[in-house]
Amino acid sequence: MGITLLSFGFLILVHVECGNPIYFNIGGVLSNNESISHFKEIIAHLNFVHQYVPRGVTYYATAMKIDANPIRTALNVCKSLIANRVYAVVVSHPLTGDLSPAAVSYTSGFYHIPVIGISSRDSAFSDKNIHVSFLRTVPPYSHQADVWVDLLKHFNYLKVIFIHSSDTDGRAILGRFQTTSQSHDDDVEIKIQVESVIEFEPGLNNYTAQLYEMKDAQARVYLLYASKKDANVIFKDAAALNMTYAGYVWIVTEQALDVQNVPIGAIGLKLVHATDERAHIQDSIYVLASALRGMNQTKNITEAPKDCDNSGSIWETGKTLFEYIRNQVLIKGATGMKVAFDDNGDRINAEYDIVNVQGPSNHTSVGTYTYEPKTDKMRLAIADNKIIWPGKVHTKPEGFILPTHLKVLTIEEKPFVYTRLLKDDDKNCTADEIKCPHFNNTNDPGEMYCCRGFCMDLLKELARTINFTFDLALSPDGQFGNYIIKNSSAGGKKEWTGLIGELVNDRADMIVAPLTINPERAEFIEFSKPFKYQGITILEKKPSRSSTLVSFLQPFSNTLWILVMVSVHVVALVLYLLDRFSPFGRFKLANTDGTEEDALNLSSAIWFAWGVLLNSGIGEGTPRSFSARVLGMVWAGFAMIIVASYTANLAAFLVLERPKTKLSGINDARLRNTMENLTCATVKGSAVDMYFRRQVELSNMYRTMEANNYNTAEEAIHDVKIGKLMAFIWDSSRLDFEAAQNCELVTAGELFGRSGYGIGLQKGSAWADAVTLAILDFHESGFMESLDNKWILQGNVQQCEQYEKTPNTLGLKNMAGVFILVAVGILGGIALIIIEMAYKKHQIRKQKRMELARHAADKWRGVIEKRKTLRATIAAQRRLKSNGLPETGVSLSVEALPRGVIDLPSPVRAWSGMRQRGISELPNLPA
């Protein structure tokens, strides 16, 4: 038919005898007759290249010229290509119009027939939901973003303004640029920030309003994606605003580079072999042949659809062939090294020329972007000395305009920032203070504070060193900032609060505060090098001394005291027994006067044992026997050791005793055990809070802490002082300061989560390098050390440190037990003397009674003796009378008789003996 003669397509006619086909017709939809002729030549030559075409397989070529009308193109594809069982179609971009490749892709894609584009670069063809079987040997325009990223990093431009049209390609290149700039393989630490995105409607006659948005920005590097028509208008308006001269940088895409009024000094890209249709036809055919060869060896190839009128079932072979083509790699292609495709079927590893506009019609190549086989990566090579920049200068512009007046935020955090409210009678801050109202304070705009401290001195020195002025303000909500979901009920997204939020939202330029550097914050803001290194520690109230009334007993344990007490009495008993039964003891010795010497009785032995132990003088009762004296010497040595040990330990317990912390550190089991009745907390949304949230091993502890966390560090430290909070976890520099100021507070354990305080800036801030260099210089010059001495160490050794390094002074509390012991001894002595005196009085009364009884007995005895004498005399007279003797004048008085003459009766003698034996009662004597 005539349609077959008019079609220039890549057609595969299949002759199926058995198994897979051996005849293939290859066809294409091309833009001109020269390309059709070249297409047929390549197909004819391909049959003799056995590397791609196995023996027994033949390829045939059929081609058709593209039509500017997309409907006619679709009909021709159906009648000329699909009707002849097309396996794949190669299509070029039309000379006029943009829809003809899409018509070929839609028609062929309906039957899953692979389509290889050789000149279409619209991003729409990357959408596999629409163009299901489309591949291309050229990259889409959006892939220029990859080269832009390498260009910016080469020139060290890290803050840019992105200008693009609000169409599919414009949004696609912006999306790819943002993705590539934040996930570049070579320079992980280098991130390019888009300061502003200017999106414009295509086809406008004036873009002055959009350009005015860019004029006040810091960045002076403009990335432009626009069509030729739009680029022409943009360049004209930019020139009118003096935005195309010295100090500005324009990096544009291929379309904008071809505009007549493109600024001198602009840098653009040119795809290598972009218009070489012959080269792209050759690469596409060889990629297809390679895919068919591989598929023919492993898969069952079925016949392609042959009728557009019959939709039929999906042609699975077409889907498989598309995947085979997409996975092909042509190492040395006519269009460059390593022809390959990504998941969307787009060409990767495409090579570009870096073009510099050096005159109205002078576009000079100053570099290349090529594939490097050794590293398997694209490599950018630029001759910087050949580049002419806007304003016809050879020196690379800075790429930004540096603002000299900054909005600086801080937060109250002793000793880094102290705040003082200005009262009505005090309108000015002192020389070492800076005015610092609350940021965006709408409640009381007239309220003014003065700030001073470590960070304020640092800020003033920074401003003087790197030459900027500033307005200082306090945090709007009194917090460093937390990354939370706002308006969660309305499906809000996560946003930063506090200081970080003001910086991220470009409402402030710098944060000068004890701002901890951590990964969560560094993702959104820029940090300088640390101006102070620190970590995290635990603050708790120092436990009180354990001194009690019996503190002097602490050197020995209870068991040892009991053993010493028992030993004293056991030794005393043994001494008594040795001296008692020794033949050389003094129980058997007698003095010359006949009286026995004082013996070492049990009481004296106990007195001797206690006297030796307590090192008191022994006045009496010492052992006399050799065996007892040996034991006494051993006991004296024991007493010396016991006393010396007690004295040494008493000094350790009472003089050098230091209360220990309750906690051993972050690994203390009481902190890790959620069942322990121990409250610990930190500050909500702080860097410490983020640290615990990030550490998996501390998750249980964090869940317990979370309910106790405070809004500010001041509140938490106050609760630690009053004992309401047992442990406050916070930055070591602040807690060391608090512990130095208040000796009742102490930090527990070693530092963990080490980090540093840094100056916070906006992402890509032009001040970042200057601030970092200044801080490094401050460290080297000793300025940071002077700030430490002034604000943290406060110019001298802290009193608490001196207190810890010197012995304690013993007080009444420590030695009260000893005084009480003496008092008890005195009271005991008084009680004993009272008992002794009472006993003595009782003895005296008893002795008096005995004397009275003795006197009465003596009188009674005298009377009895007189009566006996009288009776004896009478009896004697009677005997004389009876004997016949005469009565004489002898006296009958008892006293007149000699004592020896009177013979007392036996009862009287018996009573006298009883009296001598202590019997005081008189016997009943006979009358």
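The values are calculated or read from the model by the stated rules, or taken from the named source; none is laboratory data. A quick note: this is a predicted structure, and the numbers were derived from the prediction, not measured. Here the Cβ is made from the backbone with ideal geometry for all residues, glycine too, and neighbour counts use every protein chain on show. Ligands, DNA and RNA are excluded from the accessible area calculation, which covers all protein heavy atoms including side chains. Shrake-Rupley method; radii C 1.70, N 1.55, O 1.52, S 1.80 Å.
Listed values, structure above:
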item: Any chance Ala774 is buried (at least 19 other Cβ atoms within 10 Å of the Cβ) and not acidic (Asp, Glu); result: yes
item: Criterion: closer than 30 Å to Glu254 by Cβ, modelled with pLDDT under 90 and either assigned to a loop (DSSP other than H, G, I, E, B) or open to solvent by less than 90 Å² (accessible area, probe 1.4 Å) (or both) - qualifying residue of Thr275, Thr302; result: Thr275
item: Of the criteria (1) closer than 28 Å to Ala522 by Cβ; (2) touching a residue at least 40 places away in the same chain (Cβ under 8 Å), which one Asn709 fails; result: (2)
item: Residue check for His131: in contact with a Phe, Trp or Tyr (Cβ under 9 Å, 6 or more places away or on another chain) and at positive phi; result: no
item: Checking Thr465 against (1) under 22 Å from Trp767 (Cβ atoms); (2) more than 34 Å from the chain's Cα centre (by Cα), the condition it does not meet; result: (2)
item: Complete set of residues in the stretch 365-395 that are among the β-branched types (Val, Ile, Thr) and either open to solvent by less than 40 Å² (accessible area, probe 1.4 Å) or part of a strand (DSSP E or B) (or both); result: Val366, Thr368, Thr370, Ile382, Ile387, Ile388, Val393
item: Filtered residues of the stretch 688-706 (kept if at pLDDT 85 or above and either among the small types (Gly, Ala, Ser) or at positive phi (or both)); result: none
item: Verdict on Pro530 being crowded, with 16+ Cβ neighbours inside 10 Å, out of contact with any Leu (no Cβ under 6 Å at 6 or more places or on another chain), part of a loop (DSSP other than H, G, I, E, B) and modelled with pLDDT of 90 or more; result: yes
item: Pick from the stretch 54-71, criterion in contact (Cβ under 8 Å) with a residue 60 or more places away in the chain and buried (at least 18 other Cβ atoms within 10 Å of the Cβ), ranking: farthest from Tyr87 (Cα to Cα); result: Val57
item: Residue count, the stretch 277-331 (criterion: among the acidic types (Asp, Glu) and under 56 Å from the mean Cα position of the chain (by Cα)); result: 3
